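Report on the structure given below.
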């Protein structure tokens with residue numbers, strides 16, 4: 001069931017160990033499910049209980065430690081020997097009396113690594129405050145170092161196979177956006193549109209099946225377009241509403257997000273104008289992107305383009321992304337924003353999402369792209385414009401786009 | 001956009017403050033998105049950045065603190081005054097230089113609560129080790145207490161409206177299971193079945209729309225039925241495969257999970273026998289459940305029923321559930337297992353999932369139920385048996401169940 005060749009996992013592990021050595025980390029305790037997957041192949045929805053991948057700088061294979069019922073899943077999806085799959089009994093789960101980190105600390109002590117320089121992902125969803133305090137208490141001779149995003153930075157440059165997976169995710173994103181556009185009309189509820197999107201996201205194409213994206217489709221509608229992260233309601237769409245659709249195609253945990261704004265009926269002039277401004281800004285940024293420049297220069301390109309229209313954007317314009325698990329497809333490394341000195345290199349991948357949100361409305365258009373040897377290549381190909389739908393559904397022309 | 005009457009939120013807040021008083025907590029910092037929703041109404045996919053609901057024991061309204069772009073969403077979905085919605089600038093997001101908890105600590109200091117007895121949810125996905133260490137550093141005069149699951153325990157007894165939402169979720173779960181059963185045959189890939197499930201989960205019924213469940217559908221197939229938390233692949237189903245389907249209907253963030261096992265073609269005798277054993281065990285437990293008994297007695301009822309067949313189950317049999325966000329629909333309070341002394345009370349709700357996993361196979365059948373005045377009532381109504389499908393798809397009889 002391995003997703004990549006075993007050599008690719010070993011290359012990733014080697015790169016991780018090099019970074020560990022530079023940071024003075026001998027034992028890395030990985031709790032980020034994407035980092036666990038990246039190094040071991042482990043893929044299951046078990047991150048709602050404590051689990052960990054232990055990378056020891058002088059051991060050839062990582063150790064997976066998780067819940068007993070998930071051990072068979074670890075054996076099935078990882079490249080490591082079965083001896084490297086260890087599990088804790090079920091009474092540790094959601095208990096006020098026992099904590100899985102006690103069990104894990106005992107293993108580290110037993111195998112002689114409890115007194116080393118140990119890296120932990122301090123600012124990561126699945127490494128709770130209590131998990132850390134428990135390790136501190138049970139490993140009094142260890143020296144802890146913050147290793148947040150250590151593996152994430154190894155992930156930032158993708159292999160060709162990873163890029164191929166993201167291109168497949170891009171195809172899935174395109175067909176899901178088509179389904180969204182078709183479903184946004186006055187005869188349809190927001191959840192009907194979300195259902196149509198989800199069907200395409202998971203069905204995928206005849207050649208490759210879809211995986212669940214790390215973020216659900218967002219569908220802020222009407223006044224709620226003033227904020228990006230509302231999901232959907234069971235209300236019918238109304239004529240005159242604008243709807244922001246942000247979704248992500250996913251193939252084997254690799255993402256390609258895509259956002260567009262759909263107007264139900266002719267849009268207000270203001271929204272149309274915003275559409276042109278955002279499009280021009282996106283194109284200015286894409287023209288600038290190539291290896292060797294810093295991410296902050298992309299933000300400058302955006303600012304140069306939009307400043308003349310009086311647009312100022314407070315929030316970042318995008319971020320590195322690829323492999324991930326809920327609740328985020330972002331990689332938590334480089335961001336497209338002022339002050340980010342990350343140098344662009346081939347096979348870096350970004351979601352560029354210069355959303356604009358005002359007091360009572362907003363607009364989003366986004367693009368996922370990969371840095372090539374001399375510029376960028378898009379992961380999705382979708383009309384880069386404000387989409388204007390007929391308010392009514394025409395069964396014979398399922399798109400209903402006013403052209 | 002409020003989901004419940006404002007009086008229901010205030011009742012929940014009152015119950016929370018009573019519990020805070022008992023625990024000696026003056027200020028409760030809530031980072032669990034379900035607890036934030038429960039007390040304020042806040043509902044958005046923004047928990048991938050740091051955010052918080054602050055409950056102050058002597059203040060009438062909680063304070064929401066989150067990212068600037070999410071403040072409009074908080075104004076739209078919560079019952080609090082706009083002054084109680086505060087937000088941090090975007091440069092705090094996924095930064096190695098700034099942490100949102102610095103901003104939050106400054107607010108607590110400014111409004112005069114930085115030196116009080118502060119409860120934090122120490123073992124919760126969205127309260128990272130770094131978040132805690134940052135608060136410790138920035139609030140040196142505070143006394144911190146572990147308040148993990150404090151609000152979760154308030155949530156354990158549902159209101160009638162919450163139960164009604166879970167019944168709707170139950171209807172959605174049933175129709176999604178129908179879609180799963182119809183899609184499991186040799187002409188279909190695992191992801192095709194997942195797509196069919198997702199479509200029904202989100203579309204919901206004509207009366208009420210579906211919400212995204214906190215856990216994606218699980219579809220371990222063939223040998224992988226030996227482990228519960230594998231999602232799906234893009235492989236075609238094979239004749240002779242068994243498929244475990246675990247899914248959860250969701251309505252306005254309230255869940256009703258349901259699991260069944262589907263055999264593609266006649267099942268091995270062993271699987272059939274396991275099906276009967278699990279069914280008998282479930283029925284024994286449901287017969288015993290009523291107000292006044294302890295949860296561990298339900299585990300005893302299971303053990304009495306299954307021991308005679310030589311079945312021993314290591315893992316817990318179920319858990320309290322209801323309102324939640326990814327990655328779990330479980331409530332992290334009471335579990336159906338040995339030693340759990342929680343007394344059953346009317347309007348408690350559980351997912352009872354006595355899955356059995358062996359070296360090369362496994363079976364799951366589950367039920368979601370509510371405790372009534374004198375027994376239990378089911379949240380879903382689905383044939384409680386091993387489902388046997390024809391291996392082939394008959395378009396005219398979309399279910400393909402062998403009867």
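Please treat every number below as a calculation from the coordinates, not as lab data. Bear in mind that the values here come from a model prediction, so they are computed numbers and not experimental data. Positions of Cβ are generated from backbone atoms using ideal geometry, with glycine treated the same way; all protein chains shown enter the neighbour counts.
Quick notes on this structure:
- Rg and Dmax of chain A, both derived from C-alpha coordinates alone, stand at 22.8, 71 Å.
- Cα pair count fraction exceeding 28 Å, expressed as % - segment A:6-155: 9 percent
- Shielding value for B:94-101 is 4, the average number of Cβ atoms from other chains within 10 Å of each residue's Cβ.
- For the protein assembly as shown, convex hull of alpha carbons as volume per residue, Å³: 152 Å³
- Per residue of peptide B:42-49, the mean number of Cβ atoms on other chains within 10 Å of the residue Cβ is 6.
- Rg/Rg_ref, segment B:75-226, where Rg_ref = 2.2 N^0.38 Å and atoms are Cα: 1.50
- Spin-label proximity, residue B:374 to segment B:273-313 - amide N less than 17 Å from point 7 Å beyond Cα toward beta carbon: B:287-293
- Taken residue by residue and averaged, Cβ atoms of other chains lying within 10 Å of the Cβ of A:126-137 number 6.
- The other copies place their residue B:24 label points at 3.8 nm from this one, listed shortest first, where each point is 7 Å from Cα along Cα→Cβ.
- Inter-copy label distances at residue B:310, shortest first and taken from points set 7 Å along Cα to Cβ: 8.1 nm.
- Full-extension gain in nm, residue A:23 to residue A:143, via 0.36 nm per residue minus C-alpha separation: 41.9 nm
- Sorting the segments A:339-351, A:162-174 by their residues' average number of neighbouring beta-carbon atoms within 10 angstrom, most packed first, yields A:162-174, A:339-351.
- Label distances, nm, residue A:137 versus same residue in remaining copies, Cβ-directed 7 Å point: 2.3
- The angle between the Cα long axis of helix A:295-307 and the main principal axis of chain A comes to about 20°, on a 0 to 90 degree scale.
- Choice from A:277, A:197, A:215 with maximal GNM fluctuation in chain A (Cα, 10 Å cutoff): A:277
- Relative contact order, percent, chain A [alpha-carbon distance under 8 Å, six or more residues apart]: 14 percent
- DSSP-defined beta bridges in the protein assembly as shown - what % are antiparallel, rounded to 5: 75 percent
- Here is the size of segment B:284-403 from its Cα atoms: Rg then Dmax, 16.5, 51 Å.
- One way to sum up the overall shape of segment A:160-389 is the equivalent ellipsoid from its Cα gyration tensor, whose semi-axes run 26, 23, 13 Å, largest first.
- When B:255, A:332, A:393 are arranged by Cβ crowding within 10 Å, least crowded first, meaning fewest neighbours, the order is A:393, A:332, B:255.
- The protein assembly as shown, helix-only ellipticity at 222 nm - DSSP H runs n ≥ 4, -39,500 (n - 2.57), divided by all residues, nearest 500: -10500 deg cm²/dmol
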